[in-house]
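K.L.:
Dropping the structure in here first, questions after.
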Amino acid sequence: MIHFISSRPFKVGCFSLFLFSTSFHAQEIEKDSIDTTIQTVEIIGRKSKDYTSDYSFAATKIAMKNKDIPLTLNTVTKELITDRQAFRLGDVLKNIAGVSNASFYNQYSIRGISQNEEGQIINGMRTRQYYFLQPMTPHIERVEVFKGPASITMSSVDPGGTINMVTKKPLANPRYEISLSGGSFETYRLSTDLTGPLNKGKTLLYRFNGAHQDARSFRDHVKNNGLLIAPSLSFIPNDKTSVNIEMIYNEMNGNLDRGQPIFGAVAGKTDLNSTPISLNLGAPGDYFKTKDLTLMGSLAHHFNKNISFNASYMKQFWDEDTHETRTTNSFVPDVNNQPISSLAMMQYLERIQHWSVDNINAYFNFTYKTGAFDHQTLIGYDSHIWEKKSGGKQDAARGFLMKDGTVNSSYNPSNAALYQTMIYNGITLPKPNVNPFDLTPGALNHQGKDYAVLNVINPLTPALTITHAAYIQHLLTWKKFKLLAGLRQEWFQDITNYKKAQESSFKNQKLLYRVGLTYSITESTNIYGTYLTGYQPQSNTISLMPQTANFTGAISASLYKPLLSDLKELGVKTKFLKKIDASFSVYEINQKNILVNANNPAEPDQLIQRGADRSRGFEAEFTGYILPQWHIYAGYSYIDAKVLDDSNPALIGLAKENTSKNSVNLWTRYNFTNIQALKDFGIGAGMLYQSKKIPWFTRSFELPAYTALDVALYYSVPQSKIQLSLNLNNIMNRTYWVGAQNYLRLFPGAPRNYLFTATYKI
């Protein structure tokens, strides 16, 4: 994405920051005086190499101090990402209170609410990245998590929160860095970060980030290979205008790891250790290959000190090719339709997808005064257009073989004589189309394309999803008060069978609003309250298959009602001893019309709609220095998430699935700069605690609480540009599970592992 620079400095404490109006990157800080009247720009530079980030741009599209924003914003900087060697997004997010990765996928739970959208936000703009493989992070400057629906200034309304990945941008001063890593599970990585000016006047800057990973896993038949190429250019002809262009190319070659199966059992007697955590039902030849090309450009211009204009455009191309062997979420039945708890029912599928995304955002920002009041008014427009291309498919083999050679998707014991049968351990059962998987220890299983008939031939329907929005935001400052209010009018259109003779569509629209009030008790302590709303149609946007009815002209032609949400939050943001930023918040998030998997073995992708959930909680977060050489990043989260309405009355009032009530995260680094003999060394230590939780699709067992401990050792080789690090994760070698769906899909954490990295910096 392109970003503009203003050469006007901005003073924060003793630091002077060069400001870029649309940039999402931190650059060098120089000590100098600063004009504090510029409020429409994003900070691109900071000198400190720590875990704090004082400003955010994407939350409000104006450069506001985090303590002045009336919502919870968590930031993981590139320094923490590097210290943790967090190569994938999931490794980054485990550092944030209230955020958890409850599976191996690129899908996260925020404040007890699972993400509903397929994709993340990059530089404040929405992408579409189908949620299986987690993106790499070597080109990421910081990861921001906005808690609650980001519904006013972003086209994103996940009720729990929004994840914004901010990419590295060019710097005016040359820097060159290359890293080599090697570690457990045959992991090898190479990454580079090059940046600097391309001309003497430093009006043209470049940055190049690249990475390659070749890795396996503690899980059977799983690989995690990836290639990342991310160049960018910034053009800054004067102090009023700046332009940035950027490309991100991701190529991933991995597997859809559906998790560990265990034996089915009587409720309360399930043995999570009945199979090894390495057991994977996928076949050695399975693969999940994706190619993702994202092009971004931004323009920023200051007409004068009171009026500025920003515009951004993103184009994304996505291609996927998948071969997968997986369970149908059920055990094979015997002829009496009783499940055999040691025999997993299997299916095989082949999927191809192609899509593209166009994303446009433009807005004017006005600053002015009326008497004792300071005003910032932002007026903008954005659009998000997602086209699912022709040529996609999802063909599958599943079900049971009939004596006439056909396949039935389910087994009916009243017609048992019509099915082919087989014998397993003396038990007669209907013969599955795909050979079942024997979970018994020592059992021989041939893992491959073991199917009789590819019986589900399913072309993926081309579709177009369009969102247009106009929004206005006003920041009113009076004495110690800041009032932030916004309105966003959205227009939605979903087109099924796009450009086909059977084309049909429907439209929706919604007015969303946000209001937040911040009061400064002292210079370093603010209290705030906020209320905001979210809305999301659940049509072509939430699954492989379009969810629109095959007719036109209806306001609600979607098969499902739209997702409605709101957030109420109160909080305090302060600074302890002028060193540690701390925030405390209490919140309530309500959402209605939630889509969940129907857990139907005959139709594994079938969805159903739940009435309502509510999540209440408390969060506390701390970031900064205990001592000048002692960094800390820590948080605590309490989540009370419950089902309020469901088609199954027995679920009402029960705890929400895959949610831990209590969690604690901690990472700290200490540099021995004051001890001469150890001055080149540093150490790091981390802890993640999650309390018990129940799986998504069954309540007959629960995942136990766990605590995982990590450590790291850092060494700067004297009289050289080389830095070495050794990260040891799960040093106690605990066996634990981050989440589960049912008996056949548990997601274990990695056993003890290490990663050694050598970095050369100039």
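Bear in mind that the values in this text are calculations on the coordinates, not laboratory data. Just so it is clear, the model here is predicted, and its values are computed rather than measured. Don't worry about glycine lacking a Cβ; one is built from the backbone with ideal geometry, like all the others, and counts go over all protein chains shown.
K.L.:
How far apart, in nm, are two points set 7 Å out from the Cα along the Cα-to-Cβ line at T673 and at E588?
P.N.:
A separation of 4.7 nm, rounded to one decimal place.
K.L.:
So how much slack lies between V717 and Q338, counting 0.36 nm per residue of separation and subtracting their Cα-Cα distance, in nm?
P.N.:
130.0 nm
K.L.:
Suppose R0 equals 51 Å. What FRET efficiency, 1/(1 + (r/R0)^6) with r the Cβ-Cβ distance, do N733 and V453 give to the nearest 0.05?
P.N.:
0.70
K.L.:
Another one. Cα-based Rg of segment 236-316 per 2.2 N^0.38 Å, rounded to two decimals?
P.N.:
The value comes to 2.18.
K.L.:
Under the 0.36 nm per residue contour assumption, what length would be gained going from the current alpha-carbon distance of K393 and E350 to full extension?
P.N.:
Result for the pair: 14.7 nm of gain on full extension.
K.L.:
Distance between the C-alpha centers of segment 631-653 and segment 353-406? Whole Å please.
P.N.:
Answer, in whole Å: 27.
K.L.:
Related question: Separation of segment 289-344 and segment 68-89 by C-alpha centroid, Å?
P.N.:
With segment 289-344 and segment 68-89 each reduced to a Cα centre, they are spaced 21 Å.
K.L.:
Using the count of nearby Cβ atoms within 10 Å as a rough guide to exposure, how do H302, H221, H474, H446 rank from fewest to most?
P.N.:
Sorted ascending by nearby Cβ count, the order is H446, H474, H221, H302.
K.L.:
Give me the aspartates and glutamates in straight-line cross-link reach of K305: C-alpha distance below 12 Å, same-chain residues under 8 apart excluded.
P.N.:
D35, D239
K.L.:
Given a cut-off of 20 Å, name the pairs among K592/K642; K78/K482; K61/K240; K61/K168 whose C-alpha atoms lie farther apart than that in the structure shown.
P.N.:
Among K592/K642; K78/K482; K61/K240; K61/K168, the Cα-Cα distance tops 20 Å for K78/K482.
K.L.:
Write out the chymotrypsin sites (Phe, Trp or Tyr not before Pro) in segment 636-693 meeting two conditions: DSSP loop, and at most 16 other Cβ atoms within 10 Å of their Cβ.
P.N.:
F672
K.L.:
Can you grab the distance from the C-alpha centre of segment 126-145 to the C-alpha centre of segment 722-762, Å, no decimals?
P.N.:
What the calculation gives is 19 Å, centre to centre.
K.L.:
Taking the beta-carbon count within 10 Å as an exposure proxy, list D286, D450 from fewest neighbours to most.
P.N.:
D450, D286
K.L.:
Full extension from K479 to K200: what is 0.36 nm times the residue separation minus their Cα-Cα distance, to one decimal in nm?
P.N.:
Difference between extended and current length: 96.0 nm.
K.L.:
Also, quick follow-up: Cα-based Rg (one decimal) and Dmax (whole number) for the chain, in Å?
P.N.:
When restricted to the Cα atoms of the chain, Rg and Dmax are 26.4, 88 Å.
K.L.:
Using r as the Cβ-Cβ distance of N415 and D358, and R0 as 45 Å, what FRET efficiency do you calculate, to the nearest 0.05?
P.N.:
0.30
K.L.:
Considering the options G653, Q609, A634, tell which one lies farthest towards the positive end of the dipole of segment 603-762, charges being +1 on Lys and Arg and -1 on Asp and Glu at the Cβ, about the Cα centre.
P.N.:
Checked the options; the winner is A634.
K.L.:
Which of F132, F576, F208 has the fewest other C-beta atoms within 10 Å, and how do the rest follow up to the most?
P.N.:
The order, fewest Cβ neighbours first, is F576, F208, F132.
K.L.:
At 7 Å along Cα-to-Cβ for each site, give me the label-to-label distance between T525 and Y760 in nm.
P.N.:
5.2
K.L.:
Using the Kirkwood formula over every pair of different C-alpha atoms, what hydrodynamic radius in Å results for segment 628-698?
P.N.:
After inverting the pairwise mean of 1/r, the radius is 15.4 Å.
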